[in-house]
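Every number in this text was worked out from the coordinates using simple rules, so none of it is lab data. Just so you know, these numbers come straight off a predicted model, no measurement behind them. Note: ideal-geometry Cβ built from the backbone for every residue, glycine included; neighbour counts use all protein chains shown.
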Amino acid sequence: MTRGEVQTEVDRTPFLPFRLHLVSGKTLDVRQAHEAWMLRHSVLLIRRKPSGGESENIVSFFNIERLERLER
């Protein structure tokens with residue numbers, strides 16, 4: 001997947017939640033625009049945990065197999 005394809009989804013107005021399908025078989029949901037930050041060769045995902053704190057994932061664009069839009 002290219003940086004531009006992910007950037008388009010992050011910048012979409014109004015924002016629509018989406019799921020990243022990784023080549024490893026893992027999936028990562030992006031429910032809000034402020035959860036995804038574009039880096040040069042990857043995307044940084046930061047989410048708040050219900051129990052408090054945050055989780056972070058840095059995913060290279062090369063490791064993203066496809067992107068799926070989620071229903072609200």
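Here's the yes/no breakdown for (1) β-branched (Val, Ile, Thr); (2) farther than 15 Å from residue 70 by Cα:
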site: 2; (1), (2): yes, yes
site: 5; (1), (2): no, yes
site: 15; (1), (2): no, no
site: 22; (1), (2): no, yes
site: 28; (1), (2): no, no
site: 34; (1), (2): no, yes
site: 43; (1), (2): yes, yes
site: 47; (1), (2): no, yes
site: 52; (1), (2): no, yes
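What's the total number of residues in segment 37-64 that are within 17 Å of residue 5 (Cα to Cα) and either basic (Lys, Arg) or assigned to a strand (DSSP E or B) (or both)?
11
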| task | Check off (1) in contact (Cβ under 8 Å) with a residue 40 or more places away in the chain; (2) hydroxyl-bearing (Ser, Thr, Tyr); (3) surrounded by 13 or more Cβ atoms within 10 Å (Cβ to Cβ) for residue 2 and give me the number that stays unchecked. | result | (3)
| field | Qualifying residue in segment 56-64 (condition: loosely packed, with under 13 Cβ neighbours inside 10 Å and among the aromatic types (Phe, Trp, Tyr)) | value | yes
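Go through segment 11-36 and count every residue that is surrounded by 13 or more Cβ atoms within 10 Å (Cβ to Cβ) and either in a strand (DSSP E or B) or touching a strand residue (DSSP E or B) at 6+ places or on another chain (Cβ under 6 Å) (or both). Write out each step before concluding.
Within segment 11-36, the first condition is being surrounded by 13 or more Cβ atoms within 10 Å (Cβ to Cβ), and the residues that meet it are 15-22, 28-31, 33, 35-36.
This time we only want the ones that are either in a strand (DSSP E or B) or touching a strand residue (DSSP E or B) at 6+ places or on another chain (Cβ under 6 Å) (or both), so: 16, 18-22, 28-30, 35-36.
Total meeting the criteria: 11.
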| field | Number of the condition not met by residue 33 [criteria: (1) in contact (Cβ under 8 Å) with a residue 24 or more places away in the chain; (2) under 16 Å from residue 3 (Cα atoms)] | value | (1)
| said: Just to be sure before I move on: is residue 42 among the small types (Gly, Ala, Ser), loosely packed, with under 13 Cβ neighbours inside 10 Å and touching a residue at least 12 places away in the same chain (Cβ under 8 Å) in the structure I sent? | reply: no
